[in-house]
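The values are calculated or read from the model by the stated rules, or taken from the named source; none is laboratory data. Keep in mind it's a predicted model, so treat the numbers as computed, not measured. Methodologically, a virtual Cβ is constructed for each residue, glycine included, from the backbone with ideal geometry; neighbour enumeration extends over all protein chains shown. Accessible surface areas use protein heavy atoms only, side chains included; no ligands, DNA or RNA. Shrake-Rupley method; radii C 1.70, N 1.55, O 1.52, S 1.80 Å.
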Amino acid sequence: MKFAESPVLAPPLPSWRARAVLVLVAGALAALGGRAFYLQGLNRDFLQAKGESRYSRVLELPAHRGRILDRNGEALAISTPVKSIWAIPDDVTLARGDLERAAAALDVPRAELRKRLAGADRDFVFLKRQVPPEVADRVASLGIAGVYQSTEYRRYYPGGEATAQLLGFTSVDEKGQEGVELGYEKVLAGHPGTRRVIKDRRGQVVEDLKGSRPAQEGEDLILALDSRIQSIAYGRLRAAVERNRARAGGIVVLDAVTGELLALANLPTYNPNNRNSLSASALRNRAVVDTFEPGSTLKPFSIAAALEAHRVSPRTPIQTAPGTLTIGPATIRDAHPAGELTVAQVLQKSSNVGAAKIALMLRPEYLWSLFEGVGFGHAPELGFPGEANGKVRPYKTWKPIEQATMSYGHGISVSLMQLARAYTIFARDGALLPLSLAKRPAPPAGQPVVAPATARAVRDMLELAVQPGGTGPRAQIMGYRVAGKTGTAHKQENGAYAADKYVSSFVGLAPASNPRLIVAVMIDEPSAGEYYGGSVAAPVFAEVMSGALRLLGVPPDAPMRPIELPSPSAEIRESV
């Protein structure tokens, strides 16, 4: 063997390799030292935050949501304390049978409960929220380590279905989702607080830290609503929808002096305290968000415009014979051809031909300006989410036939709330009132739309419309003078009017001598045989108005004698 090949006699490793390793080790130590100095001397917050995350917690202190009360202090929505069951998955220790017993107590599938507890990447998980006290007690009696309880609040609505669409509801976190709850979220919700604490490894609070912030409770909201009138309105509307086998219905009751909303009900509805079978149709606040063609309930405004323009007076004769009016390719018809009628009789007998002839006496912009003046085409700004604007087309695009049909409520769309508000001009001598969901300390000033004499003249005509010889005698109330108008309109489907689907309506005010209340009723698609507003909607008006006036102690302004209704064969029907 050669000398150079002997491992013993081979030369040692190159000296530069040892120096390189030494430099690398020294550099690593320097980097670690620099990092330690940075974290402990220059950026101490990082390590402090990491340390505190092991034992410090910031707990949210829920703010108690404000109550919703009616004008008399009756509770409409309140928050009641409930328990929520939660866990720290890493700390949960399950003995034999604990999972099954916990799942049974919480009424949660065992597989779902196991899945929630298997969240290794989470240090907090809700097992079930807002459970009754007896359920929370059963879970606590199991004594499962790592499972805890906390107090939350759940919204409760004493009025149930009667006030569902009006009040809306809240989410599981008490955030407003619909109705007043959503519209007045900022007032009702308040602001949650915080509590900084130190917890041990079992999740128990062992010390409070500085920096806690108390919760700011939500404010109570006092609505203008009268629960007694609301109950009457809902009950009578429900009976009418069922009696007429209707698709839906709505009713609005306004204070004609203050513009306050005293009642609002819709059908179909739902139970806000149990929303397991909630449907989209039941959610709709139809009186506010849905629009329809108002039919003959719009005739008073067309006549008011003509009176205001001095084109007619209540006694001006209008020739309606032969009961038809042809404009271009279209023909307008009356249900009961009547020959020559005065303007007052045109409204009393609800003549489409007469209303069209009166409207055609006006310049289009004049009729349009009155529609705009009473709020058609604009949301009533009550504070409800999704308030409908309705539709009034610009007058420059009107053709004569369109101006004629709009005079009796076709070719224009309004919500029931808009229609009820528009009638305030007849109740308040020509002034349009702003509406309010909240209780008002004093009546507001109205916006003048027509002259007081014009409003009073139309009100007198509306009285004739509910008396024998008019289309709405079923709206009469014993002891009170009533003024109002019936409406019946074909529904639109796929761009055309459906032959056998109607919207029946009635809007009226009482006492006519000094109006205190306005009630508007809409019945959608009655299918039990009757469909005229005078037969379907007017009786609902009479029942609700009668009950409300007596509840409010409004003195009678008419003799207390029984109402005499015409026989069905002699009853006047409005033209459709």
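When every residue of the stretch 249-256 is checked against the conditions, none turns out to be surrounded by 23 or more Cβ atoms within 10 Å (Cβ to Cβ) and modelled with pLDDT under 95.
Identification of helices (runs of 4 or more DSSP H) wholly contained in the stretch 391-445 with 2 or more residues that are touching a strand residue (DSSP E or B) at 6+ places or on another chain (Cβ under 8 Å) and more than 24 Å from residue 381 (Cα to Cα) yields 400-406. Within the stretch 509-531, the set of residues being closer than 21 Å to residue 564 by Cβ and surrounded by 24 or more Cβ atoms within 10 Å (Cβ to Cβ) comprises 510 only.
Only one of the numbered conditions (1) surrounded by 17 or more Cβ atoms within 10 Å (Cβ to Cβ); (2) without any contact (Cβ under 8 Å) to a residue 12 or more places away in the chain is not met by residue 353, and that is (2). From (1) at pLDDT 70 or above; (2) touching a Leu at 6+ places or on another chain (Cβ under 7 Å); (3) over 30 Å from residue 184 (Cβ atoms), pick out the condition that doesn't hold for residue 94. Residue 94 satisfies every listed condition except (2).
Within the stretch 351-392, the set of residues being in contact with a Ser or Thr (Cβ under 6 Å, 6 or more places away or on another chain) and charged (D, E, K, R) comprises just one member, 391.
Against the definition (in contact with a Gly (Cβ under 8 Å, 6 or more places away or on another chain) and either at pLDDT 90 or above or on the phi > 0 side of the Ramachandran plot (or both)), how does residue 181 come out, yes or no? For residue 181, the condition - in contact with a Gly (Cβ under 8 Å, 6 or more places away or on another chain) and either at pLDDT 90 or above or on the phi > 0 side of the Ramachandran plot (or both) - is met.
Quick check on residue 386: is it outside any helix (DSSP H, G or I), in contact with an Asp or Glu (Cβ under 6 Å, 6 or more places away or on another chain) and assigned by TED's automatic domain parsing to the domain that holds residue 497? So residue 386 fails the test.
Of all the residues in the stretch 471-503, those that are at negative phi and assigned to a loop (DSSP other than H, G, I, E, B) number 6.
Kindly indicate whether residue 125 is touching a Pro at 6+ places or on another chain (Cβ under 8 Å) and surrounded by fewer than 18 Cβ atoms within 10 Å (Cβ to Cβ). For residue 125, the condition - touching a Pro at 6+ places or on another chain (Cβ under 8 Å) and surrounded by fewer than 18 Cβ atoms within 10 Å (Cβ to Cβ) - is met. Exactly one residue out of 109, 81 is open to solvent by 20 Å² or more (accessible area, probe 1.4 Å), closer than 30 Å to residue 223 by Cβ and either out of contact with any Lys or Arg (no Cβ under 6 Å at 6 or more places or on another chain) or assigned by TED's automatic domain parsing to the domain that holds residue 232 (or both): that is 81.
Annotation note: Cβ proximity below 9 Å between a residue of the stretch 455-479 that is not assigned by TED's automatic domain parsing to the domain that holds residue 348 and a residue that is in a helix (DSSP H, G or I) and open to solvent by less than 10 Å² (accessible area, probe 1.4 Å) (sequence gap 6+ or interchain) occurs for no pair.
Only residues that are in a loop (DSSP other than H, G, I, E, B) and either without any contact (Cβ under 8 Å) to a residue 12 or more places away in the chain or more than 42 Å from the chain's Cα centre (by Cα) (or both) were counted across the stretch 320-348, and they come to 9. Scanning the stretch 365-383 for residues being assigned to a loop (DSSP other than H, G, I, E, B) and of a type in the set (A, V, I, L, M) gives a total of 3. Across the stretch 554-576, the number of residues qualifying as surrounded by fewer than 13 Cβ atoms within 10 Å (Cβ to Cβ), in a loop (DSSP other than H, G, I, E, B) and of a type in the set (Ser, Thr, Tyr) comes to 1. Among the residues of the stretch 437-474, those identified as touching a Leu at 6+ places or on another chain (Cβ under 8 Å) and open to solvent by less than 20 Å² (accessible area, probe 1.4 Å) are 437, 450, 454, 458, 461, 462, 465, 470, 473.
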